[in-house]
Amino acid sequence: MTIQLTILLAFLSVSAFGQKLPLYWEKSSAQRNQNLYTFFVDKTTSFTGKSSGQFKSTDSTLLTSQASFNQQILADNYRGKTVEFSIVTKILKVDTAGFWLRIDGDYNGKHCILEYEPSEQIILTGDSDWKKYSFKANITDNASYIKFGMWIVGRGTIWVDNAEFKIIGEHTNKIKDAKFEWDKDVEIRMKAYNDKREKLLKPENLDFEIEK
């Protein structure tokens, strides 16, 4: 739960040390961790194509440090659909890492988290060559934003490539109850943060080829 809530409330997007973020993706962390991780287009390593995204700790990173990267899209074209997010990943000396898919929207007049899938059954540690992982979610009528990406706690290097986000079916769940409600001041800041991000109607740069 500590890992989940910290990542849920990680709002600060940064591009560190002059390295260029993949276009349409953001690195997020608590302010105290903002310089402890880098996320950039790596033109030396890839699963397919010419590059991948590299998410890496720095020499100052502690075992308790944590951060994530994600892309956010509007839910407009996906309401009433079941979607699947998948990504091909390679890791090196990773303490702990995993994936997440989050749905934000409105319930009872509040902006809140409707669904959060941290994929706790898939925890990455140590070293691993390229491998594909995927998980699913239902997008209900009260969904506003869909976010997907990865998180890391501690140290290590993660390469990501060939992400996919697709509709795999339909469902009949119209409204989703709030899974997590923020305090009022956090709710206001979170809604403002979501609203100011680029309004993508569909996922972009899933192969991590384009720099910001």
Could you tell me which of the residues 138, 173 is over 15 Å from the mean Cα position of the chain (by Cα), surrounded by 15 or more Cβ atoms within 10 Å (Cβ to Cβ) and farther than 28 Å from residue 56 by Cβ?
138
Condition test on residue 83, is it touching a strand residue (DSSP E or B) at 6+ places or on another chain (Cβ under 7 Å), more than 25 Å from residue 199 (Cα to Cα) and either at pLDDT 95 or above or part of a strand (DSSP E or B) (or both)?
no
Residue 122 being over 14 Å from the mean Cα position of the chain (by Cα) and either charged (D, E, K, R) or surrounded by fewer than 17 Cβ atoms within 10 Å (Cβ to Cβ) (or both)
yes
If we scan the stretch 85-103, do we find a residue that is surrounded by fewer than 21 Cβ atoms within 10 Å (Cβ to Cβ) and in contact with a His (Cβ under 7 Å, 6 or more places away or on another chain)?
no
Would you mention how many residues in the stretch 60-75 are part of a loop (DSSP other than H, G, I, E, B) and either modelled with pLDDT of 95 or more or aromatic (Phe, Trp, Tyr) (or both)?
1
Inside the stretch 112-149, can you point out the residues that are touching a helix residue (DSSP H, G or I) at 6+ places or on another chain (Cβ under 6 Å) and more than 26 Å from residue 79 (Cα to Cα)?
none
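The values are calculated or read from the model by the stated rules, or taken from the named source; none is laboratory data. This is a predicted model, so every value here is computed, not measured. Counting neighbours? That spans all protein chains shown, and the Cβs are built from the backbone with ideal geometry, glycine included.
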